[in-house]
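The values are calculated or read from the model by the stated rules, or taken from the named source; none is laboratory data. All of these numbers come straight from a predicted model, not from anything done at the bench. Cβ sites come from the backbone with ideal geometry, for glycine too, and all protein chains shown count toward neighbours.
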Amino acid sequence: MDNDERKVAALQGGDTPIHEKHLPELLERYRNSRVRFTTDLAEATRASEAIFIAVGTPQSETGDADLSYVEAVACEIARSISSYKVIVEKSTVPVYTNEWICRALERNGVPRQLFDVVSNPEFLREGTAVVDFLHPDRIVVGADGNRAASLLQDIYSPLTTGKYYEVADAIAGECGASDPPQLLLTSTKSAEIIKHASNAFLALKISFINAVSNLCEAADADVEQVARGMGLDRRIGPRFLRPGIGYGGSCFPKDVAAFRSVAEQLGIDFGLLTEVEKINAQQKKRFLAKIRSALWTLRGKRLGVLGLAFKGETDDIRESPALDLVRMLLAEGCNLTVYDPAAMPRTKEALPEGSNLRYATDAYTAASGADALVILTDWQEFAALDLVRLSKSLRYPIVIDGRNLYEPQKMVDHGFTYLSVGRAVGHPVRAALAAAN
Ligand code: UDX
């Protein structure tokens, strides 16, 4: 159920409103049989044993999560309940939201025995959402009663027993099905904190490796080697140690801020989170400085820009560090020709084409005649460009890569001046050592 009529109509007609791998085939297969779409919340509530609330929890001006959509939907659900329901918080919400939902339902006249509220946070990533959903590392169910917990256990049994349905089976096979995930039962408050703490920890990992990447640049070391060496320690793990231009998206920035705010409200000084945010903001500024260092001055320079989405394989531009950098470069007086495989339609709405901002049809057109090429998003197709063609397209063979998509030596061999993150090719110390050898 969604109150956006256009979205519901599109889904009813078989269109997926977002760019997400495997979603079209799942929709095609199950539309009008196991999944139906409606704008009628009362009808959806009556027909369901469990009701998942998955509305937005945007960041408010104070950094808190704005829970007004959660409250509104809880009140609306309350008006339609006439038999026992389990209300499932799927949205990312701060600790205590569960209690607020219970209170909202009771205030709106629903007897306590007619509902339970459980917290069931989602850990999937955009772009790999379907596979992440089918292969979660864990499923967290925060429930304060057995009846609700056992309904959620039933709902997830196809995943926890490893028995997938039809199309899902094909997808499960495609990504090399691993062991079924554990379903972890916790209290509702613990589940709420698990979600915020997990996202904040992942953001911390990224900020940590970004800080290390700056250190590597200063010391003429290679952050990719450092990350590999760290990640082989199973206590650290290799994932989310990719340096870059900082994290973005609809989750990490807002969740780190919300978790910090929750801590503050509970009287806990969690200054570490402020540092995570600070490093993230600095990373973009450092990258801008890197572009400037390659070009001397920025005003009037023509740059090809690859990537607008907040990460590869998605069309989402919310809190995109790539878009932040595009804005920063425009403010510096650069003329940009940008390209993204999926995020251009959304970006055009926020940043219309103009004399200093053009949208290209492919990566080579974006690079054509440019003083340098800037890579901002880790799309797989950007890592597989024809370097000879790219070099010919550019006015000067300069590539400033914010996602470390290329081996520095390979780029140098192709005649590029190549700057990336945490890998100081051309660093004076290295150059001196090379000369000495
Ligand atoms: C994130 C969480 O991973 C997911 O568990 C949660 O449910 C929603 O938020 P998502 O926002 O889709 O998922 O993207 P993710 O893949 O986590 O990337 C977030 C940002 O961090 C992107 O900007 C990405 O480019 C950046 N990132 C990620 C890095 O810079 N380095 C990394 O190693 C990983």
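Between Val73, Val86, Val93, Val141, the distinction of being touching a residue at least 40 places away in the same chain (Cβ under 8 Å), out of contact with any Asp or Glu (no Cβ under 7 Å at 6 or more places or on another chain) and surrounded by 15 or more Cβ atoms within 10 Å (Cβ to Cβ) belongs to Val141 only.
Condition check: in contact with a Ser or Thr (Cβ under 7 Å, 6 or more places away or on another chain), in contact (Cβ under 8 Å) with a residue 40 or more places away in the chain, in a helix (DSSP H, G or I) and away from the ligand (no atom under 16 Å from the Cβ). Does Ala366 satisfy that?
yes
Here Asp222 meets each of (1) out of contact with any strand residue (DSSP E or B) (no Cβ under 6 Å at 6 or more places or on another chain); (2) modelled with pLDDT of 95 or more with one exception, condition (1). Within the stretch 377-400, residues that are closer than 19 Å to Phe287 by Cβ and without any contact (Cβ under 8 Å) to a residue 12 or more places away in the chain reach no partner that is assigned to a helix (DSSP H, G or I) and within 16 Å of the ligand (Cβ to nearest atom) with beta carbons closer than 7 Å at six or more positions or on different chains.
Residues in the stretch 279-328 that are among the basic types (Lys, Arg) and in contact (Cβ under 8 Å) with a residue 60 or more places away in the chain: Arg286, Lys290, Lys301, Arg302, Lys311, Arg318. The criterion of being touching a Lys or Arg at 6+ places or on another chain (Cβ under 7 Å), in a loop (DSSP other than H, G, I, E, B), touching a residue at least 12 places away in the same chain (Cβ under 8 Å) and buried (at least 20 other Cβ atoms within 10 Å of the Cβ) does not hold for Gly333.
Scanning the stretch 372-392 for residues that are more than 16 Å from the ligand (Cβ to nearest atom) and either in a strand (DSSP E or B) or over 17 Å from Ala294 (Cβ atoms) (or both) yields Ala372, Leu373, Ala384, Leu385, Asp386, Leu387, Val388, Arg389, Lys392. Of the residues making up the stretch 1-28, those that are in a helix (DSSP H, G or I) and exposed (fewer than 15 other Cβ atoms within 10 Å of the Cβ) are Glu5, Arg6, Ala9, Ala10, Gln12, Leu23, Pro24, Glu25, Glu28. Name the pairs: first residue in the stretch 234-263 and within 11 Å of Lys311 (Cβ to Cβ) and within 13 Å of the ligand (Cβ to nearest atom), second residue of a type in the set (A, V, I, L, M) and outside any helix (DSSP H, G or I), Cβ to Cβ under 7 Å, at least 6 apart or on different chains? Short answer, once both residue conditions are applied: Gly244/Val421; Ile245/Leu376.
How many residues are aliphatic (A, V, I, L, M) and within 10 Å of the ligand (Cβ to nearest atom) when one looks only at the stretch 203-233?
Narrowing the stretch 203-233 to residues aliphatic (A, V, I, L, M): 203-204, 206, 209, 211-212, 215, 218-219, 221, 223, 226-227, 230, 232.
Those left that are additionally within 10 Å of the ligand (Cβ to nearest atom): 203, 206, 209, 227.
Result for the stretch 203-233: 4.
Close contacts from the stretch 338-356, counting a first residue that is closer than 17 Å to Gly369 by Cβ and a second that is loosely packed, with under 12 Cβ neighbours inside 10 Å, with Cβ to Cβ under 9 Å and a gap of 6+ residues or different chains, come to Tyr339/Thr361.
For the stretch 301-308, state whether one or more residues are modelled with pLDDT of 95 or more, in a loop (DSSP other than H, G, I, E, B) and within 16 Å of the ligand (Cβ to nearest atom). Before the answer, list the steps.
Taking the stretch 301-308 as the starting set, the residues that turn out to be modelled with pLDDT of 95 or more are 301-308.
Right, trim to in a loop (DSSP other than H, G, I, E, B) and you get 301, 307-308.
In the following step, the residues that additionally are within 16 Å of the ligand (Cβ to nearest atom) were identified as 307-308.
Yes; the residues of the stretch 301-308 include at least one that is modelled with pLDDT of 95 or more, in a loop (DSSP other than H, G, I, E, B) and within 16 Å of the ligand (Cβ to nearest atom).
Filtering the stretch 54-83 to residues that are over 24 Å from Ile155 (Cβ atoms) and not in a loop (DSSP other than H, G, I, E, B) leaves Gln59, Ala65, Ser68, Glu71, Ala72, Cys75.
Scan the stretch 84-136 for residues that are in a strand (DSSP E or B), acidic (Asp, Glu) and within 15 Å of the ligand (Cβ to nearest atom) and the total you get is 1. Contact map, the stretch 117-138: first residue farther than 23 Å from Glu99 by Cβ, second residue near the ligand (Cβ under 10 Å from one of its atoms) and among the aliphatic types (A, V, I, L, M), Cβ cut-off under 6 Å, separation 6 or more or different chains; pairs are Asp132/Leu124; Phe133/Leu124.
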